[in-house]
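Data first, discussion second: the structure below is written as structure tokens.
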Amino acid sequence: MVVKCNSLGLFGLQTYAIEVEADLSRGVGAFDIVGLPDTAVKESRDRVRAAMKNCGFDFPNSRLVLNLAPADIKKEGPLYDLPILIAVLKAMRVVNANTDDAAFIGELSLSGELRSVNGVLPMAIAAREQGLKRLFVPAPNSNEGAVVEGLEVYGASNIFELLDHLAGRSRIEPAVFLNADTQAETGLDFSQVKGQGEAKRALEIAAAGGHNVLLIGSPGAGKSMLAKRVPTILPQMTFEETIETTKIHSIAGTLPKGSGLISTRPFRSPHHTVTRVGMVGGGTHPKPGEISLAHNGVLFLDELPEFPRSVLEVLRQPLEDGVVSISRANGTYTYPSSFMLIAAMNPCPCGYFNHPKKQCTCSDNAVHKYLGRVSGPLLDRIDIHIEVPPVEYDDLTAKSGEEGSASIRRRVNAARDIQTARFKGTAIKNNADITSAMFEKVCVMDDKANLILKRAFDKLGMTARAYDRIMKVARTVADLDGSEVIRSSHIAEAIQYRSLDRKYWHE
């Protein structure tokens with residue numbers, strides 16, 4: 001007799017239904033798992049057998065075959081321990097409850113405890129879409145699964161709790177989602193940054209339009225301090241963004257145990273020793289990398305030239321497309337990677353090139369070689385370049401209060417509201433995503449602004465991509481000014497943010 005039990009699987013961000021079939025028949029004692037299981041799934045035999053023994057169940061001394069259908073999709077990870085256990089117990093007639101409307105996900109310890117697994121949120125969403133009514137998960141994953149409405153999620157700590165519930169002896173109450181942010185308040189605020197008015201203005205524009213930024217300046221000027229406060233002026237995430245971000249962190253295993261939704265924008269700051277796989281994702285069992293973990297938030301690359309050239313170059317395609325695809329023999333994994341890039345760097349190896357008070361000790365060749373670590377194609381994909389000068393003593397000791405993040409965020413929100421109305425009904429979210437085909441309609445300039453841009457394009461020898469970036473930034477500056485038309489002041493400010501690549505990366 002064949003019995004069945006529902007479960008789910010993951011392939012990147014995609015989920016699919018898994019049916020665990022168990023057949024218990026006469027023959028020499030054997031326990032086989034088929035259906036393209038990986039090593040972790042094959043090891044489920046030993047975990048299930050030991051857990052049953054230690055919980056007082058006699059493992060059947062017969063031929064037991066477990067099939068994980070569909071058989072042409074590779075099954076990975078320990079999350080199939082629980083559905084395999086339930087299928088075995090149903091085959092032994094220990095469990096007689098109807099579980100046709102339920103799915104099971106979880107890893108087993110040898111003592112019968114249930115351990116948390118990754119990716120519960122996307123699998124819970126898939127379970128609801130497939131018409132299932134109940135989902136059984138380890139207790140630490142219950143709050144994550146409870147985010148999904150229309151699905152009863154039950155969190156069990158061990159086998160006995162689950163079996164008692166299925167038998168009707170004692171009931172596990174469905175988990176109720178606790179809307180608690182998984183990321184604590186950082187206490188960071190722009191009011192803590194003294195001076196640097198031009199850099200703050202550039203970051204406000206970047207936040208308003210979703211633009212990428214390069215901060216260049218000497219050590220101690222405050223580049224990292226500024227970058228770490230950018231999330232405090234970004235708009236609050238929408239519910240859809242919250243779900244999407246949480247799904248990525250759930251799959252990557254970076255969601256704290258017992259947590260629910262990530263409701264603050266991510267801020268990822270990988271060290272410059274990060275590998276290409278660590279940056280874009282991948283591995284034997286591909287997982288999201290830093291650029292996907294920064295989705296809907298900020299990716300901060302401090303000391304940009306210190307990153308390996310190969311790591312920086314893999315950013316080019318995700319910066320353009322907002323997604324990253326990882327190809328493997330068994331398929332292509334696609335993860336979203338729509339992030340705001342903030343990069344910081346010194347102007348030279350010693351850090352004091354063009355410093356107003358300190359002498360640079362680097363040769364021209366050393367400076368050129370240092371700056372050459374950042375390629376032109378990558379630089380072209382960064383909309384705003386801003387120089388961060390040393391902070392003057394008077395600014396540091398000034399008693400007048402600096403503008404706080406809350407007031408800056410209000411202006412950013414107002415500009416984003418304009419963009420939301422402008423791009424309603426399209427896939428565009430903000431000005432940084434405007435396509436060239438939309439410029440004629442969206443980026444209307446007056447005659448004076450058009451003349452200024454033409455002269456700058458010819459004089460600075462800009463690329464077509466640089467032109468696109470200037471138009472997008474100018475559109476954002478105009479939105480912050482509440483202007484439907486891009487005026488000369490708007491285009492002049494946008495051009496100003498493209499001058500550093502000509503100052504430092506001169507030909």
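Give, to the nearest whole percent, the P(r) tail of the chain beyond 42 angstrom, counting all Cα pairs.
Details: 41427 of 128271 pairs.
Pairs farther apart than 42 Å: 32 percent.
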Original post:
Excluding ligands, DNA and RNA, what is the solvent-accessible area per residue of the chain at a probe of 1.4 Å, expressed in Å²?
Top reply: 45
**OP:** Using a 1.4 angstrom probe on heavy atoms only, work out the carbon and sulfur share of the accessible area of segment 163-291 in %.
**Re:** 52
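Using the per-residue mean of other Cβ atoms lying within 10 Å as a proxy for protection, in what order, highest first, do the peptides 17-29, 244-256, 208-220 fall?
Numbers: 17-29: 15.6, 244-256: 21.1, 208-220: 22.7.
My ranking of the peptides, most packed first, is 208-220, 244-256, 17-29.
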Original post:
When DSSP beta bridges are limited to those with both residues in the chain, what percentage is antiparallel, rounded to the nearest 5?
Top reply: 50
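Take the solvent-accessible surface of the protein heavy atoms, probe 1.4 Å, and return the percent of it on segment 1-141 that carbon and sulfur atoms account for.
Values: 2740 of 5850 Å².
Roughly 47 percent, rounded to a whole number.
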**OP:** Can you tell me which of 231-237, 307-313, 261-267, 86-92 comes out highest on packing, and rank the rest after it, using the mean Cβ neighbours within 10 Å?
**Re:** 86-92, 261-267, 231-237, 307-313
Original post:
Taking only Cα atoms, what is the 0 to 90° angle, nearest 10, from helix 44-54's long axis to the longest principal axis of the chain?
Top reply: 60
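Please report the carbon-and-sulfur percent of the accessible area for segment 386-472; probe 1.4 Å, protein heavy atoms only, DNA, RNA and ligands left out. Could you put the intermediate results ahead of the total?
Working: 2940 of 5410 Å².
C and S atoms contribute 54 percent here.
Please report the relative contact order for the chain, taking Cα pairs under 8 Å with a sequence separation of at least 6, and give it as a percent rounded to a whole number.
13
For segment 160-250, take the alpha-carbon Rg, divide it by the Kirkwood Rh, and send me Rg/Rh. Show your work: numbers first, answer last.
On the way: Rg = 21.8 Å, Rh = 17.2 Å.
Checking Rg against Rh, the ratio lands at 1.27.
The values are calculated or read from the model by the stated rules, or taken from the named source; none is laboratory data. These numbers come from a predicted model, not from an experiment. Heads up, the Cβs are rebuilt from the backbone with ideal geometry, glycines too, and the neighbour counts pull from every protein chain shown. The area values use the complete protein model at the heavy-atom level, side chains included, leaving out ligands, DNA and RNA. Shrake-Rupley method; radii C 1.70, N 1.55, O 1.52, S 1.80 Å.
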